[in-house]
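Values quoted throughout were computed directly from the atomic coordinates according to the rules given, and no laboratory measurement underlies them. Please read all numbers here as calculations on a predicted model, not as lab measurements. As a convention, Cβ positions derive from the backbone with ideal geometry for all residues, glycine included, and neighbour counts pool all protein chains shown.
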Amino acid sequence: MVPSRSEGAVLVGRTSFDMASIRRGLLVAPLALAVLACSPASSPTGPAQSVKASVGTAVEATPTPFVPAPTPAASCPPYAPAAPNVSAVAELGPSASLPPSPAKGERFVLEGVLLSWTCDVRANQSFSVWHTDAHAHYGPATASDELICCYYQAELSTDADGRFELRTVRAASDPDPNGEIPAHIHINLEPADSSGPGIVLVFADDPTHGPVGPRDLEIPMERRSDADGEYWFSFVVIRI
């Protein structure tokens, strides 16, 4: 899930990941809807830093019917897509000092609701978000075969109803020697609490999508259109 081919811990922004446990979680564990596949110590936003580069290719996904699917929880109320307060809308873009990604990605809008495990709305909850570009790169490579994170990242807070909206591009799946990793988005609570720092959203219609980790959340994808043309859309209820 992070741009590296080396074993052990890898630095992304200011964050360290354990590659072996990430691969086991995404590629071996049974499918479930819960929280946290990757646990960074802090957000990758701010001054850009170096990590090992990944080599990926864009993936063209097949459109599938959209069915809103809140996180299964009998005690939680159902939710439907709704525009959040403008303060909870973020346009993902490059970290400080980075140029835009050279890969042309398809537009993607993600609307969501953030809840606690007891189904309380997480109002005004700060979080960070980041993902790869349409070529599965987190950032540009350097002469020493490192890359800078991240092309697509942001920091924001939910509104009073726990809602948020991300405007970005569709990430690509990540080819890996141990099996292809499906396209995904990282979301980290700021600061982390006792339930864990964040989650990983895995695209349900990714053609490389197989079993995902028990602490990942699968999100549906839908094709929509507006005055600017077609785009991808998803709505998710995150219970964490």
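To the nearest 0.05, how large is the calculated FRET efficiency for D120 and A143 if R₀ is 51 Å and r is the Cβ-Cβ distance?
0.55
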Given H placed on each backbone N at 1.01 Å, which residues far from D205 in sequence or on other chains put an amide H within less than 5 Å of it?
-> M221
If you take the charge dipole of the stretch 89-170 about its Cα centre, with +1 on Lys and Arg Cβ and -1 on Asp and Glu Cβ, which of V169, A123, L92 is farthest toward its positive end?
-> V169
Computed from the beta carbon distance with a Förster radius of 30 Å, FRET efficiency for A82 and A192 to the nearest 0.05 stands at 0.65
Hz values of 3J(HN,Hα) by residue in the stretch 218-229 - Karplus curve (6.51, -1.76, 1.60), Gly and Pro given as x | 7, 10, x, 10, 9, 8, 10, 8, 9, 4, 8, x
